[in-house]
Amino acid sequence: MVVLSLALAGCSGKSASTDEKTSSSKGKSNVAQELTYATTSDVVGLSPILTNDSVSAAVIEQIYEKLFVRDPETMEIVPQLAESYENPDEKTWVIKLKQGIKFHDGTDFNAEAVKYTFDKIKDPKTAAPRASLLEPVESIEVKDEYTVVIKTKYPYGPMLAVLSHTAASIVSPTADQNQDLMKQPVGTGPFKFVEWVPGDHITLAKNDQYWQGAPKLEKVTIKVVPEVTTAISMLQTGDVQFIDGIPAEHLPRLESLKNVKVTKKEGTPVYYLGFNMEKAPMNELAFRQAVSYAINKEEYIQQLKGLGVKSNSVIGPKVFGYDKASETVGYQYDPEKAKKIIEEKGYKGTKLKLLVANTSAYMKMAEIVQAQLQEVGIDAQIETLEWGTFLDAAKAGKFDLTFLGWANSTADGSELFYPNFHSDNIGSSNRTRYNNPTFDKLVEESRTTVDQEVRKQKLKEANEFLLKEAAVVVMNHGVVTTATDQSVKGLEIDATGQWSLYKVYRE
């Protein structure tokens, strides 16, 4: 997703009263097979084609499915709706699909549905936030009812990683033509959409006809709980059974609760300070170097209490393309160097807008960085916006500095660099408006070969180019977290922070 929320994504709302619970909805010890997940932010929408934020993706992942997924333990890419694939040549992908699968509206999942979905993502009229995923695709052909042939303009190394992204989830063509999938989603997944009350909750129900067998949970509620402390209290009392993206300051409290299990896993997300490259002085290398020298990221990471990984590399340790040698490239904390540049270049007293999403982690970053910039003579004034409004403002370039994040849902460096920093995506997912032909070429070379060793080398070069350009200041790489009621069993979360409720049950 583009900008990654550190908010608690979620399902909440109280369980049905005792007289509403039927024997079929009870698990072991007569626990109702219902789960509530709490989020501090509402979803932007429920169409995988038209959204690209982690809050929306968490819900979309329960309703829709993709051709491929990453195994949560091994992070290897395995088929989901696909049965198998082959490459008769470097620019052709022949994908066989599983048969007998139906969308929630009763229509068939088949090659036509795949073609429809991918064509719509590629269509400029759609303005899909992650159209860049399929930019290399030249054509999608239906060979037969359950075979799709994808032709690319050039050899495309990240193809399977791309097809495992939430934004590549397959939609029902019939539903998309008859209704607004942003408000009434229809997929093939284990849970069906029931209702969305904006600002309050989303309700899902189990898909009895799910092709892998019906899930054990009868009902899932995604509850908007704006205050983290309230969500934790609801978890403590049992009104909520699941939260994730735990803010570091609340970790001790959660770990002290006897009825709560906390899970932590080093992840793929990256969080960074970005510059608006179309404005002065952010478009000046000397200014970005001064800011880079001014920021002591260690001060922030210490407050994460083990929920953040220190790294100077834009590509993180859990992402394809990472090279430990890149850690020494770039700029280390040195406030005296920062002050010297600021004095010499006349930056002292510069007033800037620091745009921040209203999640606790981003606001904490902003407070620390604001104080550090103040120490070297830069006046960064914080403007805080609600998540959805923040995304719109950042996309429109209404900032000087801002904090951004990327979940790295594909766990592939090319699909970190291309959407976020390639000039093709200025005005959409490239929120910093970074534009450099040399960098663009390196990223393109990392994408246009299926030789994975060549891809790694090009990603290393692109990564180090960004670091020398001081294009961003990496704050930390993420540790994905969950906190669940002890009654919740079977939850799987992978390094990208994605999770599925399909195998979850309560006892």
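What follows is calculated from the coordinates using simple rules that are stated; it is not laboratory data. Worth saying up front: this structure is predicted, and the values here are computed from it rather than measured. Heads up, the Cβs are rebuilt from the backbone with ideal geometry, glycines too, and the neighbour counts pull from every protein chain shown.
Label separation (residue 454 vs residue 333): 4.2 nm, computed from points 7 Å beyond Cα along the C-beta direction.
Adding -39500 (n - 2.57) for every DSSP H run of four residues or longer, then dividing by how many residues the chain holds, sets the calculated 222 nm ellipticity at -8000 deg cm²/dmol. Two decimals is fine: what's Rg over Rh for segment 267-479, C-alpha atoms, Kirkwood radius as Rh? Over the Cα atoms of segment 267-479, Rg/Rh equals 0.94.
Segment 288-345 and segment 211-275 have Cα centres lying 29 Å from one another.
Put a plus charge on the Cβ of each Lys and Arg, a minus charge on the Cβ of each Asp and Glu, and nothing anywhere else: the dipole of segment 79-200 about its Cα centre is then about 160 debye. Residues whose amide H comes within less than 5 Å of that of residue 32, counting only those at least five positions distant or on another chain, are 27 (H built at 1.01 Å from N in the peptide plane). Diagonalising the gyration tensor over the Cα atoms of segment 213-282 and scaling each eigenvalue by 5 before taking the square root yields semi-axes of 33, 18, 14 Å, largest first. For residue 153, the lysines whose Cα comes closer than 20 Å to its Cα, not counting residues fewer than 8 places off in the same chain, are 91, 115, 120, 122, 143, 441, 458.
For segment 101-140, the equivalent ellipsoid derived from the alpha-carbon gyration tensor has semi-axes of 22, 11, 7 Å in decreasing order.
If only the Cβ of Lys and Arg carry +1 and only the Cβ of Asp and Glu carry -1, the dipole of segment 190-300 around its Cα centre is close to 360 debye. With viscosity set to 0.890 mPa s and temperature to 25 °C, compute the Stokes-Einstein D of the chain, Rh being the Kirkwood radius across alpha carbon pairs; µm²/s, no decimals. In µm²/s, the coefficient is 105. Could you work out how far the C-alpha centroid of segment 435-507 sits from that of segment 139-159, in angstrom? Rounded to whole Å, the Cα centres lie 24 Å apart.
Using the Karplus relation 6.51 cos²θ - 1.76 cosθ + 1.60 with θ = phi - 60°, the per-residue 3J(HN,Hα) values for segment 142-155 come to 9, 6, 7, 4, 10, 9, 10, 10, 9, 9, 10, 5, 7, x Hz, with x marking Gly and Pro.
Compactness ratio for segment 68-176: Cα radius of gyration over 2.2 N^0.38 Å (N = residue count) comes to 1.02. Placing unit charges on each Cβ (+1 for Lys and Arg, -1 for Asp and Glu) gives segment 267-479 a dipole about its Cα centre, and among 429, 403, 381 the Cα reaching farthest toward its positive end belongs to 381.
Each residue, residue 379 and residue 259, gets one label point 7 Å from its Cα in the Cβ direction; the gap between the two is 5.1 nm.
The C-alpha radius of gyration of segment 308-417, expressed as a fraction of 2.2 N^0.38 Å, stands at 1.22. Placing +1 on the Cβ of every Lys and Arg and -1 on the Cβ of every Asp and Glu, with nothing else charged, gives the chain a dipole about its Cα centre of roughly 600 debye.
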